[in-house]
1. Name the pairs: first residue in the range 132-146 and within 23 Å of R32 (Cβ to Cβ), second residue among the acidic types (D, E) and open to solvent by less than 30 Å² (accessible area, probe 1.4 Å), Cβ to Cβ under 8 Å, at least 6 apart or on different chains?
2. Select from the range 43-91 the residues that are of a type in the set (S, T, N, Q) and buried (at least 23 other Cβ atoms within 10 Å of the Cβ) and write down the one among them that is modelled with the highest pLDDT.
3. Can you name the residue in the range 255-293 that is assigned to a helix (DSSP H, G or I) and hydroxyl-bearing (S, T, Y) and, of all such residues, is farthest from Y324 (Cα to Cα)?
4. If you take the residues of the range 353-382 that are polar (S, T, N, Q) and surrounded by 20 or more Cβ atoms within 10 Å (Cβ to Cβ), which of them is farthest from E192 (Cα to Cα)?
5. List every residue pair whose Cβ atoms sit under 8 Å apart, with the two residues 6 or more apart in sequence or on different chains, where the first one lies in the range 428-440 and is of a type outside the set (A, V, I, L, M, F, W, C) and part of a strand (DSSP E or B) and the second, anywhere, is modelled with pLDDT of 90 or more and open to solvent by 30 Å² or more (accessible area, probe 1.4 Å).
6. Out of all the residues in the range 383-407, which are at pLDDT 95 or above, more than 20 Å from the chain's Cα centre (by Cα) and open to solvent by 50 Å² or more (accessible area, probe 1.4 Å)?
7. Pull up the range 8-28, narrow it to residues that are more than 18 Å from the chain's Cα centre (by Cα) and within 21 Å of H68 (Cβ to Cβ), then point me to the one that is surrounded by the fewest Cβ atoms within 10 Å (Cβ to Cβ).
8. Identify all residues within the range 160-189 that are touching a residue at least 60 places away in the same chain (Cβ under 8 Å), open to solvent by less than 20 Å² (accessible area, probe 1.4 Å) and either under 15 Å from L136 (Cβ atoms) or over 18 Å from the mean Cα position of the chain (by Cα) (or both); write none if there are none.
Amino acid sequence: MERRLYIETYGCQMNVADSELMLGQLARAGYRRVDKADEADVILVNTCAIREHAEQRIYGRLGELTRHKLRRPGVVLGVAGCMAQHLRARLIERVPQVDLVVGPDGYRRLPELIEEAREEPTLAVRLSRVETYGDLVPARADGVRAWVSIMRGCDKFCAFCIVPYVRGRERSLPADEVIRQVEHAAAEGFREIVLLGQTVNAYRDDRAGVDFAGLLALADRVPGIARIRFTSPHPSDMSDRAIEAIASCERVPPHLHLPLQSGSDSVLHRMRRIYTLEEYESLVGKFRRAVPGIALSTDIIVGFPGETEEDFEATRGAMERIGYESAFIFKYSPRPGARSAEWPETVSEEEKTRRITLLVEEQKGRSLLKNQDDIGSTVEVLVEGPTHRTPSEWFGKSAHFKTTVFPHRKERVGDLIPVRVAAATPHALLGEGVRALSSAAVEDVPA
């Protein structure tokens with residue numbers, strides 16, 4: 001008998017990839033995905049636990065989803081992912097209607113775990129030192145971009161992060177399994193591959209003698225792929241070999257997301273980021289020499305315990321000097337289980353708000369100037385589809401990973417097309433013939 005599955009995904013690209021893994025595993029067990037929770041026999045929520053706001057949002061959503069169990073008691077309600085691993089039995093205590101709690105290393109057994117959960121609440125949260133799911137085939141969503149997890153877990157133990165505790169220690173997929181997945185994605189028609197790992201450039205397959213640079217070179221040879229991206233690298237793991245591979249591989253575009261987190265050495269030290277600002281900026285210099293015109297993006301945390309006004313100003317200065325195309329800027333929030341959660345907060349919520357607002361506004365100005373530099377040039381765009389608000393206008397990403405909007409003519413999803421840039425906002429490039437878009441309209445373009 002066919003069973004129906006509904007799944008919601010929260011958090012990072014690795015959670016998206018894990019949801020596709022779960023969908024593939026359950027499809028082989030006879031489940032069919034449905035688009036509405038009220039049509040499903042099994043409801044799964046794949047969760048993030050990196051920030052407190054995400055956790056509270058999940059609790060609220062679980063409260064909404066419990067109505068389906070009240071109407072149809074046979075429905076199985078499950079929580080997967082990082083929050084499931086982090087909170088474990090407390091999830092069932094807080095939301096008694098939850099039947100299944102499964103951590104990131106329990107997805108191989110998901111069909112049988114669901115059957116167990118039909119009888120009694122079930123927890124599967126044991127972490128593994130060997131599980132990579134390298135032999136499983138995910139059921140990927142339609143689009144141009146395929147997520148390929150090349151490693152799982154993390155060994156860095158940054159003071160603000162709980163990933164090593166909820167995803168376990170680093171382990172890499174065998175290189176031949178990674179390439180098999182890339183080839184499979186290419187055969188399915190995906191045009192862009194995104195290699196995923198918490199510290200993706202720490203990848204290494206010792207048995208095959210393949211490091212991250214070698215893996216990029218292998219993936220670059222797979223026919224049918226237009227672009228190969230990766231996220232998120234750690235600055236301390238970026239070798240000269242990796243820089244050379246990024247520069248030489250034809251399908252690796254000139255864009256790099258390189259998390260900084262703070263521009264203050266004292267804050268970086270407390271964060272346990274194991275590099276200094278000087279080392280980070282030296283690395284940026286190497287990339288700019290090897291890949292002229294490379295576009296950089298980054299992550300920044302504001303208000304980390306002990307961050308002084310001087311530390312904050314150091315971050316402002318670093319962001320201005322480095323000149324990022326874009327930045328993801330977050331307020332610090334303590335996560336139980338992370339080392340920094342034991343430390344007293346020294347920056348008030350009001351001051352965090354002031355600091356993050358200032359950084360966001362300054363970055364918006366830099367992003368606008370960077371994008372305006374592209375006006376009059378022609379960029380190569382990987383077509384993704386129509387915008388939400390104007391179906392006659394489509395969008396895609398340039399090689400520098402900039403959202404680019406253009407009038408739709410005969411282009412198809414997955415095409416690589418030239419677009420002449422006529423205007424720009426802080427968030428996007430606008431091709432010739434595009435109506436004047438507000439920033440809000442551009443922000444509404446699908447990610």
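1. P138/E20; A139/E20; R140/E20; A141/E20; A146/E192
2. Start the filter on the range 43-91 by keeping residues that are of a type in the set (S, T, N, Q), which leaves 46-47, 56, 66, 85.
Filter again for buried (at least 23 other Cβ atoms within 10 Å of the Cβ), leaving 46-47, 85.
On the way: N46: 95, T47: 90, Q85: 90.
Within the range 43-91, the match that is modelled with the highest pLDDT is N46.
3. Taking the range 255-293 and keeping what is assigned to a helix (DSSP H, G or I), we get 265-271, 277-290.
Okay, now just the ones that are also hydroxyl-bearing (S, T, Y), so 266, 280, 282.
Values: S266: 22, Y280: 13, S282: 15 Å.
Only one residue fits best here, namely S266.
4. Our first condition is that a residue be polar (S, T, N, Q); within the range 353-382, this holds for 353, 357, 363, 367, 371-372, 377-378.
Narrowing the set further to residues that are surrounded by 20 or more Cβ atoms within 10 Å (Cβ to Cβ) leaves 363, 367, 371.
Values: Q363: 27, S367: 24, N371: 23 Å.
The selected residue is Q363.
5. Sorted first by the residue in the range 428-440, then by its partner, the pairs are G431/R420; G431/A422.
6. P386
7. Going through the range 8-28, the residues more than 18 Å from the chain's Cα centre (by Cα) turn out to be 23-28.
Cutting the leftovers down to within 21 Å of H68 (Cβ to Cβ) gives us 23, 26.
Numbers: L23: 20, L26: 22.
By that ranking, first place goes to L23.
8. Within the range 160-189, the subset touching a residue at least 60 places away in the same chain (Cβ under 8 Å) is 160-163, 165-168, 189.
Restricting the remaining residues to those that are open to solvent by less than 20 Å² (accessible area, probe 1.4 Å) gives 162-163, 166-168.
Within the range 160-189, no residue meets the criteria.
The values are calculated or read from the model by the stated rules, or taken from the named source; none is laboratory data. Since this is a predicted model, take the numbers as computed values, not measurements. Quick reminder, even Gly has a Cβ in these numbers, built from the backbone with ideal geometry, and neighbours come from all protein chains shown. Ligands, DNA and RNA are excluded from the accessible area calculation, which covers all protein heavy atoms including side chains. Shrake-Rupley method; radii C 1.70, N 1.55, O 1.52, S 1.80 Å.
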